[in-house]
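Engineer: To start, I am sharing the structure in question, which I have written as structure tokens.
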Amino acid sequence: MKQPYLVFIFFGPPGSGKGTQSVVLGQKLGLPVISTGDLLRRQEAAKSPLGLKARRYTKRGQLVPNKLIHQIIAARLAKRDTAKGFILDGYPRDAAQLDDLLALVQDKYIIWLIEVKVGDKEVINRISGRRICNACGASFHVLYKPPKQAGMCDVCGKKLSIREDDKPAVVRQRLADYKATAAPLLAYGKKHKTLISINGQQTIPKVRQDIFAKIVKLIK
Ligand code: AMP
């Protein structure tokens, strides 16, 4: 039998920092990081037929139908850089997508689930403090990364605003959506004893250290 390769699936609530941590782990292990959100944004920017279809859903914060997600992920996983393993961020997001992933990778890979845990209250604090500049795209946080002048962008001087989907009521909905996403992933990780739970309510370097410490033991 061929040596199984490694797949890491990052999951955590919005604002948990899983995007940041997946990139750091990818650099450390030399594995590509595949984010379905990024793949979709690229297709949308290129105005491809798939991108145009996906846009109808992403602009409302709704999940893109699994048929389109399958197309995009199957094409990405067919690339040669995934041969030794890869890291997923934002996928799978439900039980059907998890089944689809398992069918795509078959038994060539061991799938590790990395859960970045952050409490609901902290998620709301983190996200409701986020401010963005619509003019240049820079992002700030009223507590963790305040702009030099309150409400104004350090980079281009324009007024900062709150993202529509960062408003507290929408964040609560996103949190509820996340819990539905997490359930099949948690169940899979528990069943196969491949669940790695990390405390995400620490500094970025400390979270990174905890992830590396647990993973080093696996890949020795
Ligand atoms: P993200 O960057 O992961 O927050 O994703 C941005 C948007 O892309 C989401 O709000 C969804 O509309 C869409 N999306 C990303 N990944 C998926 C996925 N695995 N399944 C369905 N829709 C997705």
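Engineer: Considering only DSSP beta bridges whose two residues both sit in the chain, what percent are antiparallel, to the nearest 5?
Structural biologist: 25 percent
Engineer: Determine, for Asp166, Asp154, the number of other Cβ atoms within 10 Å of each Cβ, and report the residues in order from fewest to most.
Structural biologist: Placing the least packed residue first, the sequence is Asp154, Asp166.
Engineer: If you don't mind, another one. Please give the net charge around Ala135, taking every other residue with its beta carbon less than 11 angstrom from that of Ala135, where Lys and Arg add +1 and Asp and Glu add -1.
Structural biologist: With Lys, Arg at +1 and Asp, Glu at -1, the net is +2.
Engineer: Relative contact order, percent, of the chain when contacts are C-alpha pairs under 8 Å separated by at least 6 residues?
Structural biologist: Across the chain, relative contact order equals 29 percent.
Engineer: Compute the signed sum of charges (Lys and Arg +1, Asp and Glu -1) over the other residues within less than 13 Å, Cβ to Cβ, of Ser197.
Structural biologist: Overall, the nearby charge balance is +3.
Engineer: Still on this structure: Which whole-Hz couplings ³J(HN,Hα) result when phi for each residue of region 132-148 is put into the Karplus expression 6.51 cos²θ - 1.76 cosθ + 1.60, θ = phi - 60°, listed in order with x for Gly and Pro?
Structural biologist: Per-residue couplings from phi come out as 10, 9, 5, 6, 10, x, 5, 10, 9, 9, 4, 9, 8, 8, x, x, 4 Hz.
Engineer: With 25 Å as the limit, write out which pairs from Lys121/Lys217; Lys18/Lys84; Lys47/Lys179; Lys108/Lys179; Lys18/Lys191 have Cα-Cα distances beyond it, or answer none.
Structural biologist: Lys121/Lys217; Lys47/Lys179; Lys108/Lys179
Engineer: Using a Gaussian network for the chain with springs between C-alpha atoms less than 10 Å apart, which of these wobbles most: Gly157, Gly26, Gly200?
Structural biologist: Greatest mean-square fluctuation among the candidates belongs to Gly157.
Engineer: I would also like to ask the following. Calculate how steeply helix 168-192 sits against the longest principal axis of the alpha-carbon atoms of the chain, using the helix alpha-carbon long axis, and give the answer as 0 to 90 degrees to the nearest 10.
Structural biologist: The helix 168-192 is inclined about 20 degrees to the chain.
Engineer: Tell me, rounded to the nearest percent, the portion of alpha carbon pairs in region 81-140 spaced more than 14 Å apart.
Structural biologist: Considering region 81-140, 72 percent of its Cα-Cα pairs are separated by more than 14 Å.
Engineer: Also, quick follow-up: Lys191 to Asp107: FRET efficiency via 1/(1 + (r/R0)^6), r the Cβ-Cβ distance, R0 22 Å, to the nearest 0.05?
Structural biologist: E(calc), rounded to 0.05, equals 0.90.
Engineer: Tell me which aspartates and glutamates have Cα within less than 16 Å of Lys206's Cα, excluding those fewer than 8 residues away on the same chain?
Structural biologist: Glu115
Every number here is computed from the coordinates shown, using simple stated rules; none is lab data. What you see is a predicted model; the values in this text were computed from it and never measured. Don't worry about glycine lacking a Cβ; one is built from the backbone with ideal geometry, like all the others, and counts go over all protein chains shown.
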